[in-house]
Amino acid sequence: MPNNFIISYEIDNDKEREEKIRKSVEMLGNSTPLFNGTWYVNSQHNLSDAVKHVSHLMTDQDKLIISDSSNDECMWYNLPESHARRIAQNWKM
């Protein structure tokens, strides 16, 4: 069953790495850019694999969040602890 992801990321000003991350997101499945650094992706990948697929290109300064609306799940990479805690509390994770 395909999964519907909203992927959003923030990276430092590195155009070459940004291009690699963009390609990585596109490789996850049928993708549509929504805003700068935000995508809709219909994918056969599960959420955990999608996060690994994109985050391995990121530095400790970058941030990533992927919401899987098909399964009511969310995962992130390198969000500040207070932000992660707030999402987990409100999402009932």
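The values are calculated or read from the model by the stated rules, or taken from the named source; none is laboratory data. What you see is a predicted model; the values in this text were computed from it and never measured. For neighbour counting, all protein chains shown are included, and Cβ atoms are generated from backbone atoms with ideal geometry for every residue, glycine included. Surface accessibility is based on the protein's heavy atoms, side chains included, excluding ligands, DNA and RNA. Shrake-Rupley method; radii C 1.70, N 1.55, O 1.52, S 1.80 Å.
Annotations
- Breaking point among (1) in contact (Cβ under 8 Å) with a residue 24 or more places away in the chain; (2) closer than 14 Å to Phe5 by Cα; (3) open to solvent by less than 40 Å² (accessible area, probe 1.4 Å), for Ile21: (2)
- Gln89 being open to solvent by 70 Å² or more (accessible area, probe 1.4 Å), at pLDDT below 95, out of contact with any His (no Cβ under 7 Å at 6 or more places or on another chain) and part of a helix (DSSP H, G or I): yes
- Meets criteria (in contact with a His (Cβ under 9 Å, 6 or more places away or on another chain) and part of a helix (DSSP H, G or I)) for His53: yes
- One residue stands out in the stretch 24-49 among those that are part of a strand (DSSP E or B) and not hydroxyl-bearing (Ser, Thr, Tyr): the one that is most open to solvent (accessible area, probe 1.4 Å), namely Phe35.
- Residue selected from the stretch 50-86 under the condition touching a residue at least 40 places away in the same chain (Cβ under 8 Å) and surrounded by fewer than 16 Cβ atoms within 10 Å (Cβ to Cβ), by the criterion nearest to Arg17 (Cα to Cα): Thr59
- Count of the stretch 4-18 residues which are open to solvent by 70 Å² or more (accessible area, probe 1.4 Å) and charged (D, E, K, R): 3
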